[in-house]
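**Student:** Dropping a structure here in structure tokens format, bear with me for questions.
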Amino acid sequence: INLDISRLKQTEEALRRSLEEKETLLREVHHRVKNNLAAMIDLLELQRAGITEASLACQWVELGNRIRAMALIHDMLYQSDNLSRIDFQEYLRTLVAHLRHAFDPQGAIRIEVAATGVYMDLDSAIPCGLIVNELVVNAFKYAFPGGRPRPGASACKITITADWDGAAYTLTVADNGVGLPAGLDWTTTRTLGLRLVRMLGQHQLGGQLELDGACGTRVSLRFGSRQETQLKIKSESE
């Protein structure tokens with residue numbers, strides 16, 4: 001009996017050391033990925049400084065924002081006690097702060113974030129972060145011409161919500177702006193932002209996208225856990 005207990009303790013200790021080593025390695029991986037992405041952002045900023053054409057400079061800023069949305073997740077995981085998931089509420093608040101600094105430094109547009117208690121793993125958080133980035137940037141750029149909301153609204157507002165009901169996530173980005181241009185089919189448009197939203201939401205996350213343009217623009221994405229999505233993709237491929 002003593003021999004069995006001793007072997008059990010040795011096995012447990014070996015497992016504990018192995019887990020600690022893997023956690024240290026994983027944390028270092030997140031740290032290095034974050035640093036590499038930060039270096040890319042710095043290089044883009046240096047390059048943008050020499051661009052005189054306004055439209056091209058804006059594209060450079062948007063590219064940097066997409067990279068920053070990914071880098072932020074690795075930074076949060078590196079600093080977190082739990083390397084398997086991030087607090088999505090805190091992530092959205094930090095991401096929105098970066099976007100406001102780039103597109104609305106005066107704070108003319110009100111932004112509300114509601115994702116309390118929602119946690120996501122890396123495979124879900126990165127595409128969701130990129131989707132939020134694209135939709136919020138679109139709202140900053142096009143939803144409020146002249147700095148005004150749609151008729152009948154008192155102030156410009158963007159709302160971002162995320163929810164987990166135990167079976168699926170629901171992510172929604174809405175604004176009370178002028179809405180999409182008349183006649184625009186968002187499911188076939190070739191604009192990069194909406195193409196990325198469709199690609200990430202429908203194909204990478206395997207979710208269902210809905211767009212409502214009745215009162216401004218409202219985009220909702222509902223998708224299951226990453227494990228369920230991978231099983232679904234595997235089943236369809238077979």
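**Student:** Where q = 0.15, 0.20 Å⁻¹, what log10 of I(q)/I(0) comes from the Debye formula for the stretch 30-120, counting one point per Cα?
**Tutor:** With no solvent term, the Cα-only Debye profile gives -0.67, -1.03.
**Student:** Among Ser220, Ser124, Ser154, which one shows the highest mean-square fluctuation when the chain is modelled as a Gaussian network with alpha-carbon springs under 10 Å?
**Tutor:** Per the Cα network of the chain with a 10 Å cutoff, Ser154 tops the list.
**Student:** Using a Gaussian network model of the chain whose springs link C-alpha atoms within less than 10 Å, name the residue from Ala114, Ala174, Ala182 with the highest mean-square fluctuation.
**Tutor:** Comparing Ala114, Ala174, Ala182 in the GNM, the peak value goes to Ala182.
**Student:** Applying the Karplus parametrisation 6.51 cos²θ - 1.76 cosθ + 1.60 with θ = phi - 60° to the phi angles of the stretch 66-80, what ³J(HN,Hα) value in whole Hz is obtained for each residue in order, glycine and proline being reported as x?
**Tutor:** Coupling constants for the stretch 66-80: 5, 5, 5, 4, 6, 4, 4, 5, 5, 5, 5, 5, 4, 8, 7 Hz.
**Student:** Out of the total accessible area of the chain (probe 1.4 Å, heavy atoms of protein only), what percent is carbon and sulfur? Spell out each step's value before the answer.
**Tutor:** Numbers: 7400 of 14050 Å².
Carbon plus sulfur share of accessible area: 53 percent.
**Student:** Roughly how many debye, to the nearest 20, is the charge dipole of the stretch 19-172 about its Cα centre, given +1 on each Lys and Arg Cβ, -1 on each Asp and Glu Cβ, and no other charges?
**Tutor:** On the way: 15 positive and 19 negative charges, 153 e Å.
For the stretch 19-172, the charge dipole is close to 740 debye.
**Student:** Compute the relative contact order of the chain as a whole-number percentage, counting only Cα pairs closer than 8 Å that sit 6 or more residues apart in sequence.
**Tutor:** Working: 316 pairs, mean separation 34.6, N = 238.
Taking the mean separation of contacting Cα pairs over the length of the chain, I get 15 percent.
**Student:** Counting residues in the stretch 81-142 as N, plug N into 2.2 N^0.38 Å and put the Cα Rg over that result. Provide the component values of the computation, followed by the final result.
**Tutor:** Working: Rg = 12.4 Å, N = 62, 2.2 N^0.38 = 10.6 Å.
Against the compact-globule rule of thumb, the ratio is 1.18.
**Student:** Residue by residue through the stretch 140-153, which ³J(HN,Hα) values in whole Hz follow from phi under the Karplus form 6.51 cos²θ - 1.76 cosθ + 1.60 (θ = phi - 60°), with glycine and proline marked x?
**Tutor:** 4, 7, 10, 6, 10, x, x, x, 10, x, 5, x, x, 8
**Student:** While we're on this one: Quickly estimate the mean residue ellipticity at 222 nm for the chain, helices only: each DSSP H run with n ≥ 4 gives -39500 (n - 2.57), and the total goes over all residues, rounded to 500.
**Tutor:** Details: 6 runs with 125 residues, N = 238.
After summing the helix terms and dividing by residue count, I get -18000 deg cm²/dmol.
**Student:** Same structure, new question: Would you mind classifying the stretch 126-201 by shape? Square roots of the alpha carbon gyration tensor eigenvalues, ordered a ≥ b ≥ c; an a/c under 1.5 is rounded, otherwise it is prolate if a/b is larger than b/c and oblate if not.
**Tutor:** Oblate, since a/c reaches 1.5 and b/c is not below a/b.
**Student:** Moving to a separate point now. In whole percent, what relative contact order does the stretch 107-234 give with Cα contacts below 8 Å and a gap of six or more residues?
**Tutor:** Values: 209 pairs, mean separation 34.9, N = 128.
About 27 percent, as a whole number.
The values are calculated or read from the model by the stated rules, or taken from the named source; none is laboratory data. Just so it is clear, the structure is predicted and the values come from calculations on it, not from any experiment. Cβ coordinates were reconstructed from backbone atoms using ideal geometry, including for glycine residues, and neighbour counts include every protein chain displayed. Only protein heavy atoms, including side chains, enter the accessible area calculation; ligands, DNA and RNA are left aside. Shrake-Rupley method; radii C 1.70, N 1.55, O 1.52, S 1.80 Å.
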